[in-house]
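Asks: Take a look at this one; I'll ask things after.
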Amino acid sequence: AERRDLDHEEWEVVSEQLVEGKDGSMEDSDSKEWEAGDCCDGDSKAKRVAAVPPMFQNIHVAFRVHYITHSDTQLIGVTGDHECLGQWHSYVPLKCDKDGFWSESISLPADTRVEWKFILVENGKVRRWEECGNRTLVTEHEDQIVHQWWGYN
């Protein structure tokens with residue numbers, strides 16, 4: 001995760017009086033008349049809150065497929081319409097586990113629909129696409145495992 005130091009211009013001072021009135025009731029800050037002592041600099045109840053844009057959540061999707069390659073120059077990859085999957089122009093190589101299983105964990109944004117396929121790559125070039133239609137994945141808010149058989153939707 002990227003860490004950024006915030007300087008004082010990125011802070012917003014929020015008074016508790018904006019949310020809760022002095023008597024404990026909720027007040028509309030637009031209709032409240034402010035007194036000279038209510039200035040944020042002099043308000044002992046003022047809080048400093050970081051003004052940060054909303055964070056987008058990423059999840060990890062483990063793609064897994066069984067495929068027996070016939071040479072050391074062949075590998076299995078995954079490609080798709082999302083930039084994390086190469087937008088159909090490039091691919092993410094999978095790692096060979098054991099017994100012909102290929103897998104890799106890829107970071108994708110949550111709540112995203114992607115179309116994708118497994119591909120056979122030889123010497124850096126796509127030699128074979130899965131013969132089935134494009135696969136569809138809808139990411140949610142938790143990591144997922146996508147274990148598929150080559151060519152079966």
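Only the coordinates and a few stated rules stand behind these numbers; no lab work does. Bear in mind that the values here come from a model prediction, so they are computed numbers and not experimental data. Using ideal geometry, Cβ is built from the backbone for each residue, glycine included, and neighbour counts are taken over all protein chains shown.
Asks: Just add up the charged neighbours of E115: K/R +1, D/E -1, any other residue whose Cβ is under 10 Å from the Cβ of E115.
Replies: Numbers: positive: R113, K117, R135; negative: D81.
Here the count lands on +2.
Asks: Tell me which residues come under 5 Å, amide H to amide H, from W150 once H is placed; ignore anything under 5 positions away on its chain.
Replies: H66
Asks: At a 10 angstrom cut-off on C-beta neighbours, averaged per residue, how do the peptides 112-122, 86-96 rank from highest to lowest? Numbers along the way, then the final one.
Replies: Details: 112-122: 18.5, 86-96: 14.7.
Output ranking for 112-122, 86-96: 112-122, 86-96.
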